[in-house]
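Just so it is clear, none of the values below were taken in a lab; they were calculated from the coordinates. In this text the structure is predicted, and so the values were computed from the model without any measurement. No Cβ is skipped: glycine too gets one built from the backbone with ideal geometry, and neighbour counts run over all protein chains shown.
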Amino acid sequence: MDLLRAHADALLLGINTLAEETQLARETGSGSARGPVYAIEDELCLDLRKQLGLRRETNIFVTDARELQLRDFQVFDGDRVDAAIITTDLGAQRLAQVRSHPHVKVIVAGEKEFVDLPRAMKILRAEFGIKRLLCEGGPTLYGYMAREGLIDEKFMTVSPMEVGIVIPREQEPSAAERANPPRFRPTVFGAPGFTKEQATWWRWMSCRRIGDHQFNRYRKRASSL
């Protein structure tokens, strides 16, 4: 992940990913109670980013019109990375009322409850000069980005473990899940799927092996949506 981050102008994430990982850190005590900062940790990758002449690391979060208390998350403090939020006109109004971090950029793309992702990508390119945007999820954001044809390349890790999509009864739910335990594990694609006629086809580019894990790189075929 650090190697990919080193080459990216910015990272794109769904706000649910930030909220869920923050909740997990609070439950387990592994990490800050104010959530993660998605930044490069490896020194060699940090040096590589400097050699590439890229700007300060930036985390961009996509959210709908939900209310969001920025002070609850350390990623918006501005200490390690720059931060921006893509939201709707209604979401921007709510953020204006509650946000206590005036340096966080708010990008409006969409109306009421739904973010216009194609419009948001155009704004990031034209107004912020972002050419390489690394989407780190979660599955809902990635799924809708793929539905809009906004994913050009993808990196897929093959891990030698099979857990299955149906969650077994003997698995203890987390504290946040106890009131309504989930039945299925999430997949990498959280949006409505494609028919086989509409599905995107990918061209394999390269593969690396580290231990028992396999890291694959794919590029969207020119004939795909």
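Worth a mention:
- Of CYS135, GLN74, ALA19, farthest towards positive along the dipole that unit charges on Lys, Arg, Asp, Glu beta carbons give the range 4-147: CYS135
- Projecting label points 7 angstrom from Cα along Cα→Cβ for HIS101 and THR187 puts them 3.3 nm apart.
- What the Cβ-Cβ distance of SER174 and LEU4 gives, at R0 = 22 Å and to the nearest 0.05, is a FRET efficiency of 0.20.
- Dipole magnitude of the range 20-154 about its Cα centre (Cβ charges: Lys, Arg +1; Asp, Glu -1), debye to nearest 20: 420
- Extension gain (nm, one decimal) between ARG94 and ARG55, 0.36 nm per residue minus Cα-Cα: 11.1 nm
- Potential lengthening between LYS122 and ALA222 on full extension [0.36 nm per residue; Cα-Cα distance subtracted]: 34.0 nm
- Rounded to the nearest angstrom and listed largest first, the equivalent-ellipsoid semi-axes of the range 49-106 from its Cα gyration tensor are 24, 12, 8.
- For the peptides 20-28, 168-176, 199-207, the ranking by packing is 20-28, 199-207, 168-176, with the highest mean count of neighbouring Cβ atoms within 10 Å listed first.
- Length-normalised contact order of the chain in % [C-alpha pairs under 8 Å, at least 6 apart]: 18
- Placing pseudo-labels 7 Å out from each Cα toward the beta carbon at VAL166 and SER30 gives an inter-label distance of 2.8 nm.
- Cα gyration tensor category, rounded, prolate or oblate, for the range 1-67 with a/c compared to 1.5: oblate
- Estimated 222 nm signal from helices in the chain, with DSSP H stretches of n ≥ 4 weighted -39500 (n - 2.57), rounded to 500: -8000 deg cm²/dmol
- Using the empirical formula 2.2 N^0.38 Å as the baseline, the Cα radius of gyration of the chain reaches a ratio of 1.07.
- Counting only Cβ charges, +1 for Lys and Arg and -1 for Asp and Glu, the dipole size of the range 103-179 around its Cα centre is about 380 debye.
- Hits among lysines - C-alpha to C-alpha of LYS122 under 18 Å, sequence gap 8 or more where chains match: LYS105, LYS131
- Charge dipole (the chain, unit charges on Cβ, about Cα centre) - positive-most of MET145, ALA222, ALA120: ALA222
- Only Lys, Arg (+1) and Asp, Glu (-1) charged, at Cβ; the range 7-95 dipole about Cα centre in debye: 200
- Cα gyration tensor category, rounded, prolate or oblate, for the range 172-225 with a/c compared to 1.5: oblate
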